[in-house]
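Report on the structure given below.
The values are calculated or read from the model by the stated rules, or taken from the named source; none is laboratory data. Note that the coordinates shown come from a computational prediction; the quantities given were computed from them, not determined experimentally. Virtual Cβ from ideal backbone geometry, glycine too; neighbours counted across all protein chains shown. Accessible surface areas use protein heavy atoms only, side chains included; no ligands, DNA or RNA. Shrake-Rupley method; radii C 1.70, N 1.55, O 1.52, S 1.80 Å.
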Amino acid sequence: MRYSVGMDCIFCKIIAGTIPSQKVYEDEQVYAFADIDPRAPVHILIVTKKHISSLLEAGEADTGLLGHIQATAVKLAREKGLAQGFRTVINTGADGGQTVSHLHLHLLGGRQMHWPPG
Ligand code: 5GP
Ligand code: ZN
């Protein structure tokens, strides 16, 4: 399933508050909230406030932002008590399984994560 982009972007609406979400964290660059269809006891989405449709669209100027979403995942993992470990995932494009065209990182934890993911 593929969601619409641009002004109709579901994650832009979540950031703006026009679609409700279970907020976990927010700063100037990112917004983090619980995934509506959790695949693990902890499943948080960390989205960039700037609309970037995927990693393929992230430019040189976004390098710091990419680091920041990973660092935010570590911070939230610590806060959620994921001392045994966790997984961070960014799905990109159709083959990557991306369904929402707004850059986001999945933080998954609270159970044994399997590899390969399939
Ligand atoms: P992707 O498949 O693009 O990597 O991840 C999109 C994620 O967004 C999925 O895990 C899906 O469950 C989640 N999602 C889609 N729509 C909503 C929504 O309206 N609210 C929340 N909280 N999560 C959503
Ligand atoms: Zn968006």
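By per-residue mean of other Cβ atoms within 10 Å, what is the highest-first order of 17-24, 75-82, 106-113, 41-48? Please list the in-between numbers first.
Working: 17-24: 12.2, 75-82: 15.1, 106-113: 17.5, 41-48: 20.2.
My ranking of the peptides, most packed first, is 41-48, 106-113, 75-82, 17-24.
Grab the chain and count how many Lys pairs have their alpha-carbon atoms under 21 Å apart, sequence gap of 8 or more, or different chains.
Value for the chain: 9.
Given 0.36 nm per residue, what is the gain on full extension from Gln29 to Glu57 after removing their alpha carbon distance, in nm? Don't skip to the end; give the middle numbers.
Numbers: separation 28, 0.36 × 28 = 10.08 nm, distance 1.68 nm.
Between Gln29 and Glu57, full extension yields an extra 8.4 nm.
In Å and on Cα atoms, what radius of gyration and Dmax does the chain show?
For the chain, the Cα-based Rg and Dmax read 13.7, 39 Å.
When the accessible area of segment 10-109 is split by element with a 1.4 Å probe, what percent falls to carbon and sulfur? Show your work: numbers first, answer last.
Working: 2730 of 5240 Å².
It is 52 percent, rounded to a whole number.
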